[in-house]
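The values are calculated or read from the model by the stated rules, or taken from the named source; none is laboratory data. This is a predicted model, so every value here is computed, not measured. Ideal geometry is used to build each Cβ from the backbone, glycine not excepted, and the neighbour counts take in all protein chains shown. All accessible areas refer to the heavy atoms of the entire protein, side chains included, with ligands and DNA or RNA removed. Shrake-Rupley method; radii C 1.70, N 1.55, O 1.52, S 1.80 Å.
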Amino acid sequence: MVLFFLVNSCDYFKVAKEPEAIARVGTNFLYKEDIADLVPRGTSKKDSLAIVKSFIDRWATQKLLFEAAQRNITKAKTEEFNTLIEQYKIDLYTKDYLEELVIRQIDTLVTEAQIASYYNQNKEYFKNSSELVKLRYINLVKENPKFAKIKSKFSSFTKKDKKELEQLAVQFKSYAFNDSIWVDINQVYEKLPFINLENKEKYIANGINFQYPDSTTVWLVKVNHVLPKDSATPLDFLKPTIKQIIINNRKLQLINTLEKEITNDAINEKKYEIYK
């Protein structure tokens, strides 16, 4: 029993190990634990030393500049900065707190009817910044043995044809079959690189159906519809944007409500008073 007490007493009275300092600027110390995760695994010894040296130099320079600024800055400027720092701290805490409250309480369910209602009320503000296009395409190698069949089914594009083309899609270099959705013309330039701003009038027109060969492949393209720039943007194209707008408006309303409730509660509990 005495031995047990002595052993545990020795453990109890051990002095905590001091952290290992690797640099000092005045009364400020940089410790080994501060750079524990600085160097990525697998980095060579030479590169590791360079990374650590660069970090220490930046740390020291910042500390030295800060100390010099504190010694030389005017009292008025110090008070101004302290006010800004305190306001930033308040803003940081309150913003985070309100965001947590909003996350717990916000209703993120937005119905199709709500989206349509918002669109109809604000339709005049929604204009295309560029052309919108509905199209489908296939890009495949020229030597594909089923080219004639693929081209025929791409042109007629019945439900059965679309299903069969989807089954053959592994043979295509790229494709897009959902020609009922609007896409921005810039996405068309990206996906069909032979089309650009200079030649788009030739390839992007209502109802056009064409075949375009390049060095190794053939493009099959059908443009269903083109909506000119500055036209009223279709609802289908705007649904994700409008949904986010509605949710953001709810957030602002909820934040306003929460702020009023917090203030009113403080008044009722005599925590907040305005002296006349």
Inset, instruction - Please verify whether the stretch 90-100 includes one or more residues that are open to solvent by less than 70 Å² (accessible area, probe 1.4 Å), assigned to a helix (DSSP H, G or I) and without any contact (Cβ under 8 Å) to a residue 60 or more places away in the chain. - result: yes
Inset, instruction - For the stretch 29-53, enumerate the residues that are open to solvent by less than 50 Å² (accessible area, probe 1.4 Å) and not hydroxyl-bearing (Ser, Thr, Tyr). - result: 30, 35, 39, 52
Legend entry - Selection count, the stretch 131-153, where residues are surrounded by fewer than 13 Cβ atoms within 10 Å (Cβ to Cβ), in contact (Cβ under 8 Å) with a residue 24 or more places away in the chain and either touching a Leu at 6+ places or on another chain (Cβ under 8 Å) or small (Gly, Ala, Ser) (or both): 1
Legend entry - Top-ranked residue of the stretch 226-268 - restricted to ones that are polar (S, T, N, Q) and in contact (Cβ under 8 Å) with a residue 60 or more places away in the chain, ranked as nearest to residue 115 (Cα to Cα): 233
Inset, instruction - Could you please find all residues in the stretch 169-201 being in contact with a strand residue (DSSP E or B) (Cβ under 9 Å, 6 or more places away or on another chain) and without any contact (Cβ under 8 Å) to a residue 24 or more places away in the chain? - result: 169, 187, 195
Inset, instruction - Could you please tell me which pairs satisfy a Cβ distance under 9 Å, a separation of 6+ or placement on different chains, a first residue in the stretch 208-225 that is open to solvent by 30 Å² or more (accessible area, probe 1.4 Å), and a second residue that is outside any loop (DSSP other than H, G, I, E, B) and among the small types (Gly, Ala, Ser)? - result: 209/155; 222/155
Legend entry - One residue from 206, 248 being over 26 Å from residue 142 (Cβ atoms) and touching a strand residue (DSSP E or B) at 6+ places or on another chain (Cβ under 6 Å): 206
Inset, instruction - Scan the stretch 110-124 and give yes if some residue there is open to solvent by 80 Å² or more (accessible area, probe 1.4 Å), touching a residue at least 40 places away in the same chain (Cβ under 8 Å) and in contact with a Ser or Thr (Cβ under 9 Å, 6 or more places away or on another chain), otherwise no. - result: yes
Legend entry - Candidates 117, 152 - the one that is over 30 Å from residue 232 (Cβ atoms), modelled with pLDDT of 95 or more and small (Gly, Ala, Ser): 152
Inset, instruction - Count, please, the residues in the stretch 217-241 that happen to be β-branched (Val, Ile, Thr) and more than 27 Å from residue 139 (Cβ to Cβ). - result: 2
